[in-house]
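Have a look at the structure below before the remarks.
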Amino acid sequence: MTEPAGGAPDAAAFVAEAIAASIAVKQSLPALIPDIVRAADLLTDAYRRGGKAIFFGNGGSAADAQHLAAELEHRFVFDRRPLPALALHANTSTVTAISNDSDYEELFARLLRAHARPEDVAVAITTSGTSRSVLNAAEVKREIPFRLVALTGQNGAPLARHADVLIAVPSRSTPRVQEAHILIGHVLCEWVERSLFGGAGPAA
């Protein structure tokens, strides 16, 4: 990173480098288009069969889970009827009860047993690809045959054997992966919306 005389960091250079790094990761995403299309088709099919989308993840990925569930529950690009979607961590009483009485690593697995049905699609979000709470939840597929879409960073291998679709962003940088995840999530939500309800023109 460029530093002016005196050794203080150059804020403008830092911002420019961060933007460039984010753009570089996004420019790699066309290689993932087949996987993104498969995930979009799974979600659309789930809704056509009366199912729902279930999102989960930790930290920033929990925020993404809640964000994407809201896009489907309310509206995204245009007005239409609401779609059933949920973020598994959103009930703080449940989260704290399970964490206190049992084991946080079993949180999402327990909640999937409560909410998931065979016609649903679960969307696991983990930048590392190795979150134990997410991996334990993925194993619930052995009990309930829902579909699983996994959004990960470069290391998606631990979830690959459980996922119907793995979308592994080719980066190990947590912020860059998270930025790509929200772009992919928006694409999925918009495709579901357009497929089920119509809509005008391509995404702007």
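Structure values in brief
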| item | result |
| --- | --- |
| PHE78 being within 15 Å of the chain's Cα centre (by Cα) and not polar (S, T, N, Q) | no |
| Flag for PHE78 being in contact with a Phe, Trp or Tyr (Cβ under 8 Å, 6 or more places away or on another chain) and over 30 Å from TYR104 (Cβ atoms) | yes |
| Helices (runs of 4 or more DSSP H) wholly inside region 67-181 that include at least 2 residues being under 19 Å from TYR47 (Cα atoms) and either in contact with an Asp or Glu (Cβ under 7 Å, 6 or more places away or on another chain) or in contact (Cβ under 8 Å) with a residue 40 or more places away in the chain (or both) | 107-115 |
| Filtered residues of region 148-163 (kept if within 14 Å of the chain's Cα centre (by Cα) and of a type outside the set (Gly, Ala, Ser)) | LEU148, VAL149, LEU151, THR152, LEU159 |
| Residue within region 37-47 that is surrounded by fewer than 20 Cβ atoms within 10 Å (Cβ to Cβ) and part of a loop (DSSP other than H, G, I, E, B) present | no |
| Lone unmet requirement of (1) surrounded by 15 or more Cβ atoms within 10 Å (Cβ to Cβ); (2) out of contact with any strand residue (DSSP E or B) (no Cβ under 6 Å at 6 or more places or on another chain); (3) closer than 20 Å to GLY185 by Cβ for VAL95 | (3) |
| Lone unmet requirement of (1) within 19 Å of HIS186 (Cα to Cα); (2) touching a Lys or Arg at 6+ places or on another chain (Cβ under 7 Å); (3) in a loop (DSSP other than H, G, I, E, B) for VAL25 | (3) |
| Residues being surrounded by 18 or more Cβ atoms within 10 Å (Cβ to Cβ) and farther than 18 Å from ARG172 by Cα - total across region 111-133 | 8 |
| Test: residue in region 44-66 that is of a type in the set (Ser, Thr, Tyr), under 15 Å from GLU193 (Cβ atoms) and touching a residue at least 24 places away in the same chain (Cβ under 8 Å) | yes |
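Coordinate-derived values only; no laboratory data. Keep in mind that this is a model prediction, so the values were computed, not measured. Note that we place each Cβ from the backbone using ideal geometry, even for glycine, and neighbour counts take in every protein chain shown.
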